[in-house]
There are 4 protein chains.
Amino acid sequence: MTVIALLSVAPVIEDSMAGEVAKAVDALDDHDVRYETNPMGTVIEASDIDTLLAAVGDAHKAVDGDRVSTVLKIDHKRTSDQAATEKVDAVEAELGRPAKTDRSPGTDDESL
Amino acid sequence: MTVIALLSVAPVIEDSMAGEVAKAVDALDDHDVRYETNPMGTVIEASDIDTLLAAVGDAHKAVDGDRVSTVLKIDHKRTSDQAATEKVDAVEAELGRPAKTDRSPGTDDESL
Amino acid sequence: MTVIALLSVAPVIEDSMAGEVAKAVDALDDHDVRYETNPMGTVIEASDIDTLLAAVGDAHKAVDGDRVSTVLKIDHKRTSDQAATEKVDAVEAELGRPAKTDRSPGTDDESL
Amino acid sequence: MTVIALLSVAPVIEDSMAGEVAKAVDALDDHDVRYETNPMGTVIEASDIDTLLAAVGDAHKAVDGDRVSTVLKIDHKRTSDQAATEKVDAVEAELGRPAKTDRSPGTDDESL
């Protein structure tokens, strides 16, 4: 069984959120989860839903702020042990290439 | 101005979704966006909201299926040109380390 | 075909967001969609994905702010014309009761 | 303090999900939360984050299926006791009208 999720915890503040987001990421270290942060959140992998939600709760509570916005998307496969990275591998096998581009949106080089 | 988003397009099917997800990712190539797929979706960068939503529409339409579930989270900074990767850099600068772990959740090595 | 979605558009500001959220809701009126706002967003119904995304784009652009956070979840049934309200009716038919409670969380009356 | 959230729990199955969604809604009754289901999920109100996440965990576990997709969006106001319905009231006060329309998208009457 694999529980894979994307977690985004953000204080509703007008300054940079990086310091508070770092506290949320740090809080994950106390839990039996694998995680990797990307520009829109942190992909978390756990072996069961309770472990995932305990980590989510601590990450949410680690962020200071009068108002905190948390978004969580869970993909829970109960009959498969597919690791998170294997989900991307499967898409790239279908694509026949890496699932990414390095184009710089809105710059001259898009016309090349 | 930077529009950064996470897009997940999935057909509601009981088989593997990888083939359909690959079509959605492929459809992004026709648009002036930068993108990178992770286990929970694809981070997309565009220079304006209309370009982003045009790419999202084509990715959604590229997926075949009687029922399609699409989730989109947009972080639109109108007064900053911060690239998507710089968001992760800022968090890692606060953490003082990479925002990831390689622990294998639910295995013996967690006791090390 | 029915495209049903939940849209949340919010400026990242520390004051009340109600005024800006109202502008986003108002912007939906220029589009051929049905909508109803709830405490966590606005449920929108459209007959096709392009109509939905055009409405989403205008709602997002209607909100002023240096940073705007938009979340969109789409449930697109391509072979059914089920109206949004019928989704709740189907759940309530299974429940055998309304899918709601009026309990006041965290107050004395929970012990009754 | 008010924790308001939108929860969507869905089995990834090609048949109707209503029966399983009803189980998720039913599971909320064992928790000190107020909730109301709408076409895109269930708005849940709790007095603290732990109570909310305990309810979310039970709702997720109540749904049978090899693969379960759960989306949770939390709006946590730590210095306010605003009830969920007051969020909609505030938007409608700004709008000067109910935040809804009864238009039937994609039908003739849109020309009226």
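Computed from the coordinates by the stated procedures, all read-outs in this text should not be read as laboratory data. Predicted model, so just to flag it, every value in this text is computed and none were measured. Because the Cβ atoms are built from the backbone with ideal geometry, glycine has one as well, and the counts that use them run over all protein chains shown.
Quick check on the protein assembly as shown: take the gyration tensor over C-alpha atoms, sort the square-rooted eigenvalues as a ≥ b ≥ c, and tell me if it's rounded (a/c under 1.5), prolate or oblate. The partial results should precede the final answer.
Working: a/c = 1.21, a/b = 1.06, b/c = 1.14.
Cα axes put the protein assembly as shown in the rounded bin.
Rounded to the nearest 0.05, what FRET efficiency do D:Asp64 and A:Ser104 give with R0 = 45 Å and r taken as the Cβ-Cβ distance? Could you check?
Working: r = 46 Å, r/R0 = 1.03.
Taking R0 as 45 Å, the efficiency between D:Asp64 and A:Ser104 is 0.45.
Rounded if a/c is under 1.5, else prolate if a/b is larger than b/c, else oblate: which is chain B, with a ≥ b ≥ c the root eigenvalues of its Cα gyration tensor?
Cα axes put chain B in the oblate bin.
Report the label-to-label distance for B:Asp15 and B:Asp50 in nanometres (one decimal), using points 7 Å from each Cα along the Cα→Cβ vector.
Modelled inter-label distance: 3.9 nm.
Can you work out which chain A residue has the shortest Cβ-to-axis distance for the rotation that carries A onto B, and give it in Å?
Axis relating chain A to chain B; nearest Cβ residue and distance: A:Asn38, 3.
Is the shape of the stretch B:1-45 best called rounded, prolate or oblate, per the rule: a/c under 1.5 gives rounded, else a/b larger than b/c gives prolate, else oblate, with a ≥ b ≥ c the square roots of the Cα gyration tensor eigenvalues? Please report the intermediate quantities before stating the final value.
Values: a/c = 2.92, a/b = 1.91, b/c = 1.53.
Judged from the Cα gyration tensor, the stretch B:1-45 comes out prolate (a/c at least 1.5, a/b above b/c).
Find every distance from the label point of C:Asp102 to the corresponding label point in the other copies (7 Å from Cα along Cα→Cβ) and write them in nm, one decimal, shortest first.
2.3, 5.9, 6.3
Taking the Cα centre of the stretch A:2-99 as origin and charging only Cβ (+1 Lys, Arg; -1 Asp, Glu), how large is the dipole, in debye to the nearest 20? Before the final figure, lay out the partial values.
Numbers: 9 positive and 20 negative charges, 63 e Å.
Roughly 300 debye, rounded to the nearest 20.
What gaps in nm, shortest first, separate C:Thr79 from its twins in the other copies when you place the label 7 Å past Cα toward the beta carbon?
Once sorted, the set of distances for C:Thr79 reads 2.1, 5.1, 5.4 nm.
Would you please give the residues with an amide H less than 5 Å from that of C:Arg67, counting only those at least 5 places away or on a separate chain, with H modeled from the backbone geometry?
B:Arg78, C:Val12
With +1 on each Lys and Arg Cβ and -1 on each Asp and Glu Cβ, and nothing else charged, work out how big the dipole of the protein assembly as shown is about its Cα centre, in Debye to the nearest 20.
Values: 44 positive and 96 negative charges, 0 e Å.
In total the dipole reaches around 0 debye.
Rounded to the nearest 500 deg cm²/dmol, what is the calculated helix-only ellipticity per residue at 222 nm for the protein assembly as shown, with -39500 (n - 2.57) per DSSP H run of length n ≥ 4? The partial results should precede the final answer.
Numbers: 12 runs with 148 residues, N = 448.
So the calculated ellipticity at 222 nm is -10500 deg cm²/dmol.
How far is D:Ser16 from the same spot in each other copy, in nm, shortest first, if each label point sits 7 Å from Cα toward Cβ?
3.3, 4.2, 5.3
How much net charge surrounds B:Val12 when only the other residues with a Cβ under 12 Å from the Cβ of B:Val12 are counted, with Lys and Arg +1 and Asp and Glu -1? Please list the in-between numbers first.
On the way: positive: B:Arg67, C:Lys77, C:Arg78, D:Arg67; negative: B:Glu14, B:Asp15, B:Glu20, B:Asp64, B:Asp66, C:Asp75, D:Glu14, D:Asp15.
Local net charge: -4.
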